[in-house]
1. Go through the stretch 51-70 and give me each residue that's closer than 21 Å to residue 117 by Cβ and in a strand (DSSP E or B).
2. Quick check on the stretch 91-106: of everything there that is more than 16 Å from the chain's Cα centre (by Cα) and within 11 Å of residue 119 (Cβ to Cβ), which residue is surrounded by the fewest Cβ atoms within 10 Å (Cβ to Cβ)?
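All of the numbers you see were taken from the coordinates with simple rules; none came from a lab. What you see is a predicted model, and the numbers here were worked out from it, not measured in a lab. With ideal geometry, Cβ positions are generated from the backbone for all residues, glycine too; neighbour counts draw on all protein chains shown.
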C-alpha cells in the first residue's frame, strides 16, 4: 500500500500568501488553520495556499519552516516548461534521467529545477513498468530531495 508521512491538520480552504512558497523559508503570513499550534516534533502541518493564482500544498515543520511543497494546479509551470497534463516522455526528456518507480505506487522523475514530476497511480502498468501514455499529475519539492 502507498502511505504518506505523518501530517497535522492546517487549513482546509486555499488562502493567499504574500510570497511564493520556497523550501527552508519561514511560513510568514500563513493561515493559522484549525490547529493554532505548530505540528508536534516529527510531523508537518499542511497548509493549502495560493500565490499568484497557483494553488500549492505546503508542509511546515515545528519551527515553521517549509519542508515540502506540492501542486497539481494546471496553471503551474516548472522552469523546464512542464505542466500538469504533459506526457511523461516530455518530463523524462527534460529530466535526462530514467523514471523512478515509487514502491509501485506511482512513477516520477526529478527535474534539474528540483521539482519532482509525478505521473500518478495509473502510471504503474500491471507488470510494474511505466504505463504507456502516462501524464504528469503533479509536482513536489522536498528538503533533501536530490536532483
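1. Result: 51, 54, 55, 56, 57, 58, 59, 66, 67, 68, 69, 70.
2. Taking the stretch 91-106 first, the residues more than 16 Å from the chain's Cα centre (by Cα) are 92-99, 101, 103-104.
Retained after the next criterion (residues that are within 11 Å of residue 119 (Cβ to Cβ)): 92, 99, 101.
Working: 92: 18, 99: 21, 101: 15.
Top of the filtered list is 101.
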